[in-house]
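To keep things clear, I will list the structure first and then write my remarks on it.
The values are calculated or read from the model by the stated rules, or taken from the named source; none is laboratory data. These numbers were taken from a predicted model, which means no experiment stands behind them. Note: ideal-geometry Cβ built from the backbone for every residue, glycine included; neighbour counts use all protein chains shown.
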Ligand code: HEM
């Protein structure tokens, strides 16, 4: 099944690469100090690389949103109300018990359903909640002159920073779980092949 059009593969490749750069440079900035000025990447270089990767990531995010608005791919992200919670439970039970007993996927991939319910909700939360908050707070830190100075007596910059670090942390955890769940296709490598070649191979193929 051809499920990953070229533009989504290009978006994903750039996104993953920029994300890894942002994690390494972000951690380098976080844990740097006057004595230990070079944690993985030196502070000044980390700032430059972080800003550069962030700008590419933002432009790339615009590609993701526009692509999903203009093509059919957007429909895979729509969450229906019908059986929403019970479907989430089914998928959760499969991931925690069923798959170890060799049971079949409760929501096999098809042209109509690219993501299982848990994948769908995490992709929506990551891409349409955490990502925009990460970007907005990042812009706030990049351009401190536009950031609110105080909120209830607390520095707006510190609050923006806390939001940015929290979203960065959540998305990093998302990425680790995401990579793990991507090994749960018909073979451990089949979903990775899909996002490179465009073709999804299911259990039945
Ligand atoms: C090295 C890091 C990464 C690897 C190896 C990886 C791997 C994959 C694989 C194999 C797929 C296809 C399986 C599927 O449809 O779920 C996929 C899809 C996806 N990934 Fe990743 N990923 C990485 C990083 C990220 C990051 C950082 C994000 C976002 C924060 C992300 C968001 C997504 C989304 C939204 C899809 C679905 C795209 C679509 O078909 O519409 N990935 N990824």
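What's the number of the only condition in (1) at pLDDT below 95; (2) surrounded by 17 or more Cβ atoms within 10 Å (Cβ to Cβ) that residue 140 fails to meet?
Failed condition: (1).
Within the stretch 160-192, which residues are more than 8 Å from the ligand (Cβ to nearest atom) and farther than 22 Å from residue 136 by Cβ? Quick ask: steps written out before the conclusion?
Of the stretch 160-192, the ones more than 8 Å from the ligand (Cβ to nearest atom) are 160-170, 172-173, 176-177, 180, 183-184, 186-190.
Matches in the stretch 160-192: 176, 177, 180, 183, 184, 186, 187, 188, 189, 190.
So which pairs qualify, if the first residue must be in the stretch 11-25 and more than 15 Å from residue 49 (Cβ to Cβ), the second must be near the ligand (Cβ under 6 Å from one of its atoms) and in a helix (DSSP H, G or I), the Cβ gap must be under 7 Å, and the two must be at least 6 apart or on different chains?
Partner pairs satisfying both residue conditions: 12/195.
When only residues in the stretch 92-114 that are within 12 Å of the ligand (Cβ to nearest atom) and crowded, with 17+ Cβ neighbours inside 10 Å count, which is modelled with the lowest pLDDT? Walk me through it before giving the result.
Step one: filter the stretch 92-114 for residues within 12 Å of the ligand (Cβ to nearest atom), giving 109, 113-114.
Applying the additional criterion that residues be crowded, with 17+ Cβ neighbours inside 10 Å yields 109, 114.
Numbers: 109: 92, 114: 95.
For the stretch 92-114, the residue satisfying everything is 109.
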